[in-house]
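Taking it in order: structure first as structure tokens, then the write-up.
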Amino acid sequence: MKKTIDELIGIMAKLRHPEDGCVWDKAQTLKSIVPHTIEEAYEVAEVIETNQLDALCGELGDLLFQVIFYARIAEEESRFDFSDVVDAIATKMLRRHPHVFGDEKISTVEEQNKRWNEIKRAEIEEIATEIKVSAMDGVNWHLPTISVSKKLQNKAAHVGFDWPDWKGPVEKVKEELDELVQAVNTQTNEEIQGEMGDILFACVNLARALNIDPEAALRQTNRKFDDRFRKMEQLAIENKVEFEKLPLSEKEAYWQQVKRDFE
């Protein structure tokens, strides 16, 4: 018979038992397991993007276990338990989908995104009391840096600070690249770093304008580079030469061969 969520919660409680639990699990804190949560989330994305769907169930289980882990630690600290987590997300979903669970009429994805953000903003304003509310509020700065850039840009777009189409972001990338070239010739390393950051931010904005997830795009390119590089090394072995000792021109020739013959 399949295990239930209550049994999984019980397993976590046993792992954290002060006397009989696992030494590693007992030593963890809310902060210490954050890197593991991020890793598990990326592994879910990886198996989906590489179409390894037979592994998806297991990876989702790993991610779910992270939630159980946080809830258990929070329960031990008398903050909340897993049932509170379930109640919080269920209540939020009901509140943020008034067109499904209420009387509102929404017919397009664009209308839903707008309404979703209106509701989120109202929630922030309700909590804020005397704190000044900004369109930038609510960004999780612990996300990967590219994701933070995208979220900041999306929030700016929701209040009308955005290009009308993809052409503006293209020109902005060109402008920032020109500024970087100028900085390399005339400015300090710190200023050059700033210009490099501007280029990356502009590239994220261009990806957003083209409806492309920049994180997914970069992960795809990372995998492609890794695959091509390994093929270059293999070709060198087949040709009985040491790849690392080849001049750059010959390495480039291998690169072009891999691009031509394997893609």
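Can you name every residue in the range 129-144 that is in contact (Cβ under 8 Å) with a residue 24 or more places away in the chain, under 20 Å from GLU215 (Cβ atoms) and surrounded by 12 or more Cβ atoms within 10 Å (Cβ to Cβ)? Break it down into steps so the answer makes sense when it comes.
Applying the first criterion (in contact (Cβ under 8 Å) with a residue 24 or more places away in the chain) to the range 129-144 yields 135, 142, 144.
Still in the running and under 20 Å from GLU215 (Cβ atoms): 142, 144.
Passing the criteria: only PRO144.
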Requested in this report: Being under 15 Å from ALA74 (Cβ atoms) and in a loop (DSSP other than H, G, I, E, B) is the filter here, so list the residues in the range 1-46 that pass it.
Outcome: ARG16, GLN28, THR29, LEU30, LYS31, SER32, ILE33
Report summary line: Of the conditions (1) exposed (fewer than 15 other Cβ atoms within 10 Å of the Cβ); (2) in contact with an Asp or Glu (Cβ under 9 Å, 6 or more places away or on another chain); (3) closer than 24 Å to ASN117 by Cβ, the single one that LEU210 does not satisfy is (2)
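Condition check: among the acidic types (Asp, Glu), out of contact with any Leu (no Cβ under 6 Å at 6 or more places or on another chain) and within 30 Å of THR91 (Cα to Cα). Does ASP213 satisfy that? Break it down into steps so the answer makes sense when it comes.
On the way: among the acidic types (Asp, Glu): yes; out of contact with any Leu (no Cβ under 6 Å at 6 or more places or on another chain): yes; within 30 Å of THR91 (Cα to Cα): yes.
Yes: the conditions hold for ASP213.
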Report task. For the range 213-227, enumerate the residues that are surrounded by 13 or more Cβ atoms within 10 Å (Cβ to Cβ) and under 19 Å from LEU177 (Cβ atoms). Result -> PRO214, ALA217, LEU218
Query - Criterion: farther than 25 Å from THR145 by Cα and within 32 Å of the chain's Cα centre (by Cα) - qualifying residue of TRP166, TRP255 - result: TRP255
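Considering only the range 47-56, I want to know if a residue exists there that is touching a residue at least 60 places away in the same chain (Cβ under 8 Å), under 21 Å from the mean Cα position of the chain (by Cα) and either part of a helix (DSSP H, G or I) or on the phi > 0 side of the Ramachandran plot (or both).
Residues of the range 47-56 that are touching a residue at least 60 places away in the same chain (Cβ under 8 Å), as a first pass: 49-50.
Applying the additional criterion that residues be under 21 Å from the mean Cα position of the chain (by Cα) yields 49-50.
With the extra rule that they be either part of a helix (DSSP H, G or I) or on the phi > 0 side of the Ramachandran plot (or both), the set shrinks to 49.
Yes, because at least one residue in the range 47-56 is touching a residue at least 60 places away in the same chain (Cβ under 8 Å), under 21 Å from the mean Cα position of the chain (by Cα) and either part of a helix (DSSP H, G or I) or on the phi > 0 side of the Ramachandran plot (or both).
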**Report entry** Some residue of the range 91-103 being at pLDDT 85 or above, assigned to a helix (DSSP H, G or I) and exposed (fewer than 11 other Cβ atoms within 10 Å of the Cβ)
**Finding:** yes
Report task. Among the residues of the range 72-84, count how many are out of contact with any Lys or Arg (no Cβ under 9 Å at 6 or more places or on another chain) and buried (at least 16 other Cβ atoms within 10 Å of the Cβ). Result -> 2
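The values are calculated or read from the model by the stated rules, or taken from the named source; none is laboratory data. Keep in mind that what you see is a predicted model, and the values were worked out from it rather than measured. FYI the Cβ positions are ideal-geometry reconstructions off the backbone, even for glycines, and counts take in every protein chain you see.
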